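To start, the structure under review is shown below, and the notes come after it.
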Amino acid sequence: MRYTSTRDPAVSATAAQAVNDGISRDGGLYVPVELPKADYRDMFDCTYPERAQKILDAFFDFDVSGIAERAYATFDGDAAPTVKIDDGLYVLELWHGRTHAFKDMALSVLPHLLTAAKKQEGDARKTLILVATSGDTGKAALEGFKDVDGTAVCVFYPTDGVSRVQKLAMMTQDGSNVNSVGIVGNFDDAQNAVKLAFGDVGLISALEANNTVMSSANSINVGRLVPQIAYYFSAYCDLVTCGEIDDGGKVDFVVPTGNFGNILAGYYAREMGVPIGKLVCASNRNNVLTDFIATGKYDINREFFRTTSPSMDILVSSNLERLLFETSGRDAALTKQRMDALKAVGEYTVSKAEHKKITDIFDCGYADDADCRDAIEHMFDEYGYLIDTHTAAAYAVARKRKSKNPTVVVSTANPYKFAPAVLGALGEEVGGEVTLKTLELLCDLTAMEIPPSLGELFGKKVRFDEVIDKSEIIEYIKKTYGNT
Ligand SMILES: *Cc1c(COP(=O)(O)O)cnc(C)c1O
């Protein structure tokens, strides 16, 4: 299995190299030279980890045996259940992992993939995972990498730029190889510093002297993308085996989208033969992708909004590059040109023919905060089923559509993670941050169980309370993990 770059056809990497490198040297993203084959019909009788393992086996030719079983053992119950809401309406729950959101689906697999890939490459060095986070990804990375042999993970977050509960989650993290540090600065400062760290020659050699190499858990790593393909296969199998659809019948998926990683995995599943009708890209008020799919023009020259679905507050959706590479006929030069244009002038436009290819597969829509509130209220009043603010964007878009196909709304977070906004939608205006009290209030109102680890957070001991200036990040890494 070879991988190439979306920006340079001369690149040819092994699967292990692609996982290890994360991003190609030319700035492009790794994509498989040929999409591997997997048949959903071979998965009907399988558990979720068995289905996921078949997908891992198809994409990675190094020893990945047993990885899905180990990764999804950290989930409560079924890793990705499909719940029936009504005739023709289903919810795929992707939040049964340790941080109760969809990032766990991939971030619990990636650490095992990285260790296996390093072994394949004969690389005995320790891997230091550096993460700059605006909240949720940092916690998911800490949980995913904690106590994984041969790795350490260090997360930087803006000390005044994350919610109280997100901060608490990172400060109280357990595990022998974990660390979290507050930054005086915003998320972009943290991200820029981490990017610079990867290229800092002094830091690289100080780490090298300690037998350590840096890596990232970024969502553009194929090791994060591939595990996500599995749940589209799995949801389809569940619908067939439960008798909800006939084998071969088409199903639409509506996906709450930010960085385009989740929905791109759906695209790969569709290309691999899962009978998906339309993939519906649901955005919040930051509706760059809605406009792109509707018109063919991607344009980030617009106002950025903070919404009640913060994980979708994104203007540059990195994983869209992989779709454009495919829809352009695998034209790396054109893909590079578009990405360069995006950087230089903040926009590019695809041809009419290519736009048609995109709209044959993708539908789109967006929901602002008020639409999301309505969607939460409607879902709860009508069906007694509680959804979070991100899933609400997808449900709002799904409700407005007319499709003859059954619809699966992809659910990306446990509603308790966004308790104040969810309470507001149910008519209990509490405002502010998630507290034990808001969790209990939501529990009283809905009788849905509070995830134990979320409730316990408020009594947990703080282990990491360091705060440093953004200018000190590289020095901090050197001092903590290097040999100087
Ligand atoms: C990350 C995230 C999303 C967006 O997923 P992408 O793969 O970035 O499109 C949606 N909802 C939640 C809760 C998330 O954490």
Anisotropy class of the range 101-243 from Cα gyration tensor, a/c 1.5 cut: oblate
Partners for Lys278 among aspartates and glutamates (Cα-Cα distance below 14 Å; same-chain residues under 8 apart left out): Asp252, Asp360, Asp363
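Asp147 to Thr295: FRET efficiency via 1/(1 + (r/R0)^6), r the Cβ-Cβ distance, R0 41 Å, to the nearest 0.05?
Values: r = 48 Å, r/R0 = 1.16.
About 0.30, to the nearest 0.05.
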By a straight-distance test (C-alpha under 24 Å), which lysines pair with Lys139 as possible cross-link partners, with residues fewer than eight away in the same chain excluded? Lys103, Lys118, Lys126, Lys167, Lys195, Lys417, Lys437, Lys460, Lys461, Lys470, Lys478, Lys479
Can you compute 3J(HN,Hα) from phi for each residue in the range 472-484, using the Karplus curve 6.51 cos²θ - 1.76 cosθ + 1.60 with θ = phi - 60°, rounded to whole Hz and x for Gly and Pro? 9, 4, 5, 4, 4, 5, 4, 5, 7, 10, x, 10, 10
The extension gain from Asp360 to Ser176, computed as 0.36 nm times the residue separation minus the Cα-Cα distance, is 61.4 nm
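Among Ser65, Ser176, Ser453, rank each residue by its count of other Cβ atoms within 10 Å, from fewest to most, as a rough exposure measure. Don't skip to the end; give the middle numbers.
Values: Ser65 11, Ser176 7, Ser453 14.
Ascending Cβ contact count within 10 Å gives the list Ser176, Ser65, Ser453.
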Tell me, what HN-Hα J-couplings in whole Hz come from the Karplus equation 6.51 cos²θ - 1.76 cosθ + 1.60 at θ = phi - 60° for each residue of the range 107-112, using x for Gly and Pro? 6, 8, 8, 3, x, 5
Around Arg302, with a cut-off of 11 angstrom between Cβ atoms, what is the net charge of the other residues, counting Lys and Arg +1 and Asp and Glu -1? -3
Inter-part gap, Cα centre of the range 442-484 to Cα centre of the range 323-338, in whole angstrom, is 39 Å
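Beta carbons within 10 angstrom, averaged per residue: use that to sort the peptides 16-25, 416-425, 183-192, 465-474, highest first. Walk me through the intermediate numbers first.
On the way: 16-25: 20.8, 416-425: 24.7, 183-192: 18.5, 465-474: 14.9.
Averaged packing, sorted descending, gives the order 416-425, 16-25, 183-192, 465-474.
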Please compute the modelled spin-label separation between Asp444 and Met1, points set 7 Å along Cα→Cβ, answer in nm with one decimal. 5.1 nm
Unit charges at the beta carbon, dipole of the range 108-153: most positive-side option, Ala141, His112, Gly122: Gly122
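Extension gain Asp57-Lys352, at 0.36 nm per residue separation less the Cα-Cα distance, in nm? All intermediate terms of the calculation are to be shown ahead of the outcome.
Values: separation 295, 0.36 × 295 = 106.20 nm, distance 3.69 nm.
Using 0.36 nm per residue and subtracting the Cα-Cα distance, I get 102.5 nm.
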Take the residue pairs Lys297/Lys352; Lys37/Lys84; Lys352/Lys400 and return only those whose Cα atoms are more than 18 Å apart. Lys37/Lys84; Lys352/Lys400
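Please label the shape of the range 32-180 as rounded, prolate or oblate, based on the square roots a ≥ b ≥ c of the eigenvalues of the alpha-carbon gyration tensor (a/c under 1.5 means rounded; beyond that, a/b larger than b/c means prolate, else oblate).
Numbers: a/c = 2.26, a/b = 1.19, b/c = 1.90.
Cα axes put the range 32-180 in the oblate bin.
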Starting with the fewest neighbours, write out Cys154, Cys364, Cys242, Cys372 ranked by other beta-carbon atoms found within 10 Å of each beta-carbon. Cys242, Cys364, Cys154, Cys372
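Give me the extension gain from Asp469 to Val345: residue separation times 0.36 nm, minus the current Cα-Cα distance, reported in nm with one decimal.
Details: separation 124, 0.36 × 124 = 44.64 nm, distance 3.11 nm.
Value of the extension gain: 41.5 nm.
Sort Tyr90, Tyr481, Tyr395, Tyr366 so that the residue with the fewest other Cβ atoms within 10 Å of its own Cβ comes first and the one with the most comes last.
Tyr481, Tyr366, Tyr90, Tyr395
Can you give the calculated 222 nm mean residue ellipticity of the chain, where each DSSP H run of n ≥ 4 adds -39,500 (n - 2.57) and the sum is split over every residue, rounded to the nearest 500 deg cm²/dmol? Before the final figure, lay out the partial values.
On the way: 21 runs with 210 residues, N = 484.
After summing the helix terms and dividing by the residues of the chain, the value is -12500 deg cm²/dmol.
How would you classify the chain from its alpha-carbon gyration tensor, with a ≥ b ≥ c the square roots of the eigenvalues: rounded for a/c under 1.5, else prolate if a/b is greater than b/c, otherwise oblate?
Numbers: a/c = 1.38, a/b = 1.12, b/c = 1.23.
The shape class here is rounded.
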Glu456: net charge of surrounding residues, Cβ under 13 Å, Lys/Arg +1, Asp/Glu -1, itself excluded? +2
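No value in this document is a laboratory result; all are computed from the given coordinates. The structure displayed is predicted, hence computed values, not measured ones. Here the Cβ is made from the backbone with ideal geometry for all residues, glycine too, and neighbour counts use every protein chain on show.
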